[in-house]
Each structure stands twice: as C-alpha cells, then as structure tokens.
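Single-structure report; data block below.
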Amino acid sequence: MGILYLVGTPIGNLGDITLRALEALKAVSLIAAEDTRRTKVLCQKYGIGTPLVSLHEHNERSRAAELIERLKNGESVALVTDAGMPVVSDPGTYLVEQAAEAGIPATVVPGPSAVTSALALSGFRGERFRFEGFTPRKSAAMERWLKELAEEEVPVICYESPFRLVKTLQAIQKVLGEIPVVVARELTKLHEEVTRGSTSQVLKRYTERLPKGEVTLVFWPRKP
C-alpha cells in the first residue's frame with residue numbers, strides 16, 4: 001500500500017520549498033495538484049519529473065476514487081495546492097477522508113502558510129486566533145459574519161480578494177468601528193507589503209491606491 005503525502009508548497013517565493021518537500025515530490029509516483037500549470041513551474045525549477053494530475057474543487061470526488069485505487073496498489077501520491085498547505089481553504093479534505101477510511105497511511109510535509117505568516121507580521125499576540133478562510137461575498141452575509149465576530153477577543157485572519165478589500169474594510173468600519181487592522185499583501189513575493197493601523201487608516205490607504213495581488217487580512221474585533 002502506498003502513502004498519501006500532504007505537501008506544503010511556497011505561498012509566493014519558490015525558494016521557500018523545504019528539502020523534505022522536494023524529496024517527497026521526487027519520490028512519489030504521482031502529484032495531485034490543484035492547478036497543474038502552477039505546480040509544473042515549481043517542478044521545472046527543481047528538476048522534478050513526477051507526473052501531475054489535477055485535483056481541484058470541481059473534480060475532487062471523482063479524482064479521489066482513482067487516487068485511492070492507485071494508493072491501494074502500492075503507488076504513493078503527493079497532494080499539493082497552488083500555495084501553502086493542502087486542505088486549508090483549499091481542496092483535499094475529501095481525499096484525506098477517503099484515504100483514512102480505506103486505511104491508507106498519510107503523512108504531512110509541512111510548509112509555508114499565509115495564515116501564520118500574516119499573524120507573525122501583524123504584531124498581534126498569537127497564542128490564540130480565529131481563521132475564517134475567505135470572507136463572505138454578499139453584503140448581508142458579510143454584515144452577519146462581522147456581527148458574529150464582534151465579541152472575539154482574539155485576532156481574526158481571513159483571505160480576501162484585492163478587488164473586494166475596500167468593501168470589506170468599509171463593512172468592518174460600519175459593524176466593528178475603529179479596531180486594529182493589518183493587511184498583508186503579496187507575502188514572500190517581490191512586492192510584499194504590510195499595512196497596519198485603525199480601520200479608517202487602512203481604509204484610507206487602500207481607497208487612495210487599490211491593492212493588487214493576494215491579500216490576507218488580520219483584525220482584532222475586541223482587543224482585550
């Protein structure tokens with residue numbers, strides 16, 4: 001029986017891949033990737049010739065059945081996402097669940113995470129925090145979500161689209177008022193930027209100049 005490897009990959013800078021991750025990606029029979037085009041770039045940089053197949057939110061259930069059979073037949077498989085750790089707001093949950101039910105051994109090869117990277121840069125205490133994945137898209141859902149978070153005395157971390165960041169900051173200002181907010185943009189990349197301040201200060205910054213790239217938002221609804 002093969003082994004399912006959950007492999008963390010860089011969130012931006014390709015130099016952040018670990019030695020163990022490279023070893024795993026070279027050793028397995030197959031790499032199941034969220035986007036084979038993005039993973040191919042990583043593989044080409046490090047001379048990894050392992051075959052790639054796609055596993056994303058639209059095909060995970062059908063692809064999982066195929067991968068489970070290959071694992072049962074002794075082939076090892078590495079699961080990777082576009083960036084960071086599999087399953088954390090990314091595909092892979094169903095495959096891991098099915099592997100566990102089938103008695104297939106799984107192991108993790110830890111790697112970078114935008115969640116912990118943004119928290120570390122925020123300057124907020126990190127003993128406890130709440131990760132919320134991607135923010136709600138609709139205004140009513142956003143308002144309900146923020147009201148549920150109003151009494152949280154720990155930092156809240158979420159992913160946001162650069163095109164919706166200003167709207168989200170406006171909603172935070174409306175529901176939660178002036179609270180500590182940090183926007184971590186393009187983490188580990190050439191144009192990495194961390195903006196800290198009150199809700200209005202950060203909102204002013206990104207109203208004047210709309211953000212680009214991947215955004216991780218950290219805010220403290222009720223700082224003790």
With θ set to phi - 60°, apply the Karplus curve 6.51 cos²θ - 1.76 cosθ + 1.60 along the range 135-149 and write out the HN-Hα couplings as whole Hz, x wherever there is a Gly or Pro. 6, x, 8, 8, 4, 5, 5, 4, 5, 4, 4, 5, 5, 5, 8
Show me, for the range 30-45, the HN-Hα J-couplings you get by feeding each phi into the Karplus relation (A = 6.51, B = -1.76, C = 1.60, θ = phi - 60°), rounded to Hz, glycine and proline as x. 7, 10, 9, 10, 4, 9, 4, 5, 6, 5, 4, 4, 4, 5, 5, 4
Using the Cα centre of the range 4-109 as the reference point, and only Cβ charges (+1 on K/R, -1 on D/E), how large is the resulting charge dipole? Debye, rounded to the nearest 20. 360 debye
By how many nm would the segment from A150 to N73 grow when fully extended, if each residue of separation counts as 0.36 nm and the alpha-carbon distance is taken off? 22.7 nm
Taking the Cα centre of the range 114-224 as origin, work out the dipole magnitude from +1 charges on Lys and Arg Cβ and -1 charges on Asp and Glu Cβ, in debye rounded to 20. 280 debye
Stretch in the chain that is longest and holds no trypsin sites (Lys or Arg not before Pro) that DSSP places in a loop and that have at most 14 other beta carbons within 10 Å: 1-124
Please give the calculated 222 nm ellipticity per residue for the chain, where each DSSP H segment of at least 4 residues contributes -39500 (n - 2.57) and the sum is spread over every residue; nearest 500 deg cm²/dmol? -11000 deg cm²/dmol
The exposure ranking of M85, M1, M142, fewest beta-carbon neighbours within 10 Å first, is M1, M142, M85
For a quick check of your reading of the filter: which chymotrypsin sites (Phe, Trp or Tyr not before Pro) in the range 137-224 sit in a DSSP loop and have no more than 11 other Cβ atoms within 10 Å? F163
Amide H contacts under 5 Å for G111, placed H, 5+ residues apart: G8
Range in the chain, longest, excluding exposed GluC sites (Glu not before Pro) [loop by DSSP; at most 14 other beta-carbon atoms within 10 Å]: 58-126
Under the rule of at least 5 residues apart or a separate chain, name every residue whose amide H is placed under 5 Å from the amide H of T135. Y159
Charge dipole of the chain built from unit charges on the beta carbon (Lys, Arg +1; Asp, Glu -1), centred at mean Cα; most positive-end Cα among L190, Q201, L146 is Q201
What share of the DSSP beta bridges in the chain is antiparallel, in percent to the nearest 5? 50 percent
From the backbone phi of the range 121-126, what are the Karplus-calculated ³J(HN,Hα) couplings (6.51 cos²θ - 1.76 cosθ + 1.60, θ = phi - 60°) in whole Hz, Gly and Pro given as x? 7, 5, x, 7, 5, x
Residues of type lysines that K212 reaches as a straight line, Cα spacing below 28 Å, ignoring anything fewer than 8 places off in the same chain: K40, K45, K138, K147, K167, K174, K189, K204
For the range 1-93, with +1 on Lys and Arg beta carbons and -1 on Asp and Glu, the positive-most of S89, L22, L67 along the dipole: L22
Where in the range 35-125 are there chymotrypsin sites (Phe, Trp or Tyr not before Pro) that are in a DSSP coil and have at most 14 other Cβ atoms within 10 angstrom of their Cβ? Y46
Using only alpha carbon pairs under 8 Å that are at least six residues apart, calculate the relative contact order of the chain and give it in whole percent. 22 percent
Please report, in debye to the nearest 20, how large the charge dipole of the chain is about its Cα centre when each Lys and Arg carries +1 at its beta carbon and each Asp and Glu carries -1 there. 660 debye
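Only the coordinates and a few stated rules stand behind these numbers; no lab work does. Because the structure is a prediction, the values reported are computed rather than measured. In this analysis, Cβ positions are derived from the backbone assuming ideal geometry, glycine residues included, and neighbour counts consider all displayed protein chains.
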